[in-house]
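Laboratory data are not the source of any read-out in this text; all were calculated from the coordinates shown. All values derive from a computational prediction rather than experimental measurement. With ideal geometry, Cβ positions are generated from the backbone for all residues, glycine too; neighbour counts draw on all protein chains shown.
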Amino acid sequence: MSQYFEVHPDNPQSRLIKQAVGIIEKGGVVAYPTDSCYALGCHLGDKRAMDRIARIRQTDANHNFTLVCRDLSDIALYAKVTNSTFRLLKTLTPGPYTFVLRATSEVPRRLQNPKRKTIGLRVPDNAICEALLAQLGQPLMSSTLLLPDADLPETEPDEFRHKLEHAVDLIIDGGHCGLEPTTVLHIADDDEVTVGRHGKGDISFLENA
């Protein structure tokens with residue numbers, strides 16, 4: 001049976017955040033809110049927890065996990081970022097974007113796209129995420145909380161609780177956070193930006209470029 005924390009969306013209770021991070025550090029899988037929709041997360045180095053998320057989602061070996069980061073310094077550690085790309089990321093973070101960039105050696109090979117050697121990264125604009133990541137001290141390995149055969153991500157914890165109570169270790173109820181997933185931007189080595197998915201993040205800056 002999973003634990004269930006009701007966490008204030010604007011002023012997360014530090015006691016609950018510490019307990020949540022303790023669960024993650026012990027190999028737990030958590031469902032948590034972001035600035036787009038709910039997600040499943042676990043410790044970056046925990047393959048067993050990652051496999052549990054894959055089973056919950058019923059994804060195949062080609063599924064791409066995302067590293068949810070505290071800030072741009074995390075992104076620069078785990079991805080190769082040029083000066084031009086850094087300036088772009090600075091204008092778009094924190095926010096509902098996932099950036100697909102060339103991975104550095106800090107990223108475990110199992111998380112990289114096997115052909116392109118890329119990794120998805122994001123910096124959410126969400127107080128609960130920020131508190132979790134600050135306490136954890138490193139990115140969360142994450143995947144959208146989209147259950148098998150569902151067309152939309154889960155967004156109401158009191159509704160998806162019964163579906164996950166035996167599958168995850170913790171559900172963090174941070175209130176409703178929307179249905180729209182992140183906008184995915186693929187950034188090539190030459191800084192060319194292409195849209196992999198148009199979601200919540202605005203892309204008018206590309207149309208005006």
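Over the Cα atoms of region 3-207, Rg to Rh with Kirkwood Rh, two decimal places? It would help to have the intermediate numbers written out before the result.
Values: Rg = 15.9 Å, Rh = 17.0 Å.
That ratio equals 0.94.
Can you check what the Kirkwood hydrodynamic radius comes to for region 42-91, Cα pairs only, in Å to one decimal?
Working: mean 1/r = 0.0777 Å⁻¹.
The answer is 12.9 Å.
Name all residues of region 99-132 having a backbone nitrogen under 19 Å from the label point set 7 Å from the Cα of Ala61 along its Cα→Cβ direction, giving them as ranges.
Under cut-off, by backbone N: 108-119.
Positive end of the dipole of the chain, charges at C-beta (+1 Lys, Arg; -1 Asp, Glu), about the Cα centre: which of Val184, Ser14, Thr59 has its Cα farthest in that direction?
Final value for the positive-end residue is Thr59.
Counting each DSSP H run of 4 or more residues in the chain as -39500 (n - 2.57), what helix-only mean residue ellipticity at 222 nm follows after dividing by all residues, to the nearest 500 deg cm²/dmol?
Result for the chain, helices only: -8500 deg cm²/dmol.
Treating the beta-carbon of each Lys and Arg as +1 and of each Asp and Glu as -1, no other charges, what is the dipole magnitude of region 3-207 about its Cα centre, to the nearest 20 debye?
Values: 23 positive and 28 negative charges, 194 e Å.
Taking the Cα centre of region 3-207 as origin, the dipole is about 940 debye.
Calculate the all-directions average of the projected area of region 22-109's alpha-carbon convex hull, and give it in nm².
On the way: hull surface 24.9 nm².
Answer in nm², one decimal: 6.2.
Determine, for His198, His166, the number of other Cβ atoms within 10 Å of each Cβ, and report the residues in order from fewest to most.
Going from least to most buried by this count: His166, His198.
Within the set of other residues whose C-beta is less than 10 Å from the C-beta of Ala103, count the net charge using Lys and Arg as +1 and Asp and Glu as -1. Could the numbers behind the result be given before it?
Values: positive: Lys80, Arg102, Arg109, Arg116, Lys117; negative: Glu106.
Within the 10 Å Cβ shell, the charges total +4.
Show the residues, 5+ positions off or on another chain, whose built amide H is closer than 5 Å to the amide H of Ile171.
Gln3, Tyr4, Phe5, Ala31
Below 26 Å Cα-Cα, how many Lys pairs turn up in the chain? Only count pairs eight or more apart in sequence, or on different chains, if you could.
Taking the chain as the scope, the lysine pair count is 17.
Residues of region 103-121 with the amide nitrogen closer than 17 Å to a label point 7 Å from the Cα of Gln138, along Cα-to-Cβ, please.
Of the residues in region 103-121, 104-112, 120-121 have backbone N under 17 Å from the label point off Gln138.
Where in the chain is the longest stretch that carries no GluC sites (Glu not before Pro) classed as loop by DSSP and with at most 16 other Cβ atoms within 10 Å? Walk me through the numbers on the way to the answer.
Details: sites that count: Glu106, Glu165, Glu192.
Value returned for the longest uninterrupted segment is 1-105.
In a shell of Cβ-Cβ distance under 11 Å around Cys37, excluding Cys37 itself, what net charge do Lys and Arg (+1) and Asp and Glu (-1) give?
On the way: positive: Lys200; negative: Asp35, Glu154, Glu156, Glu180.
Net charge around Cys37: -3.
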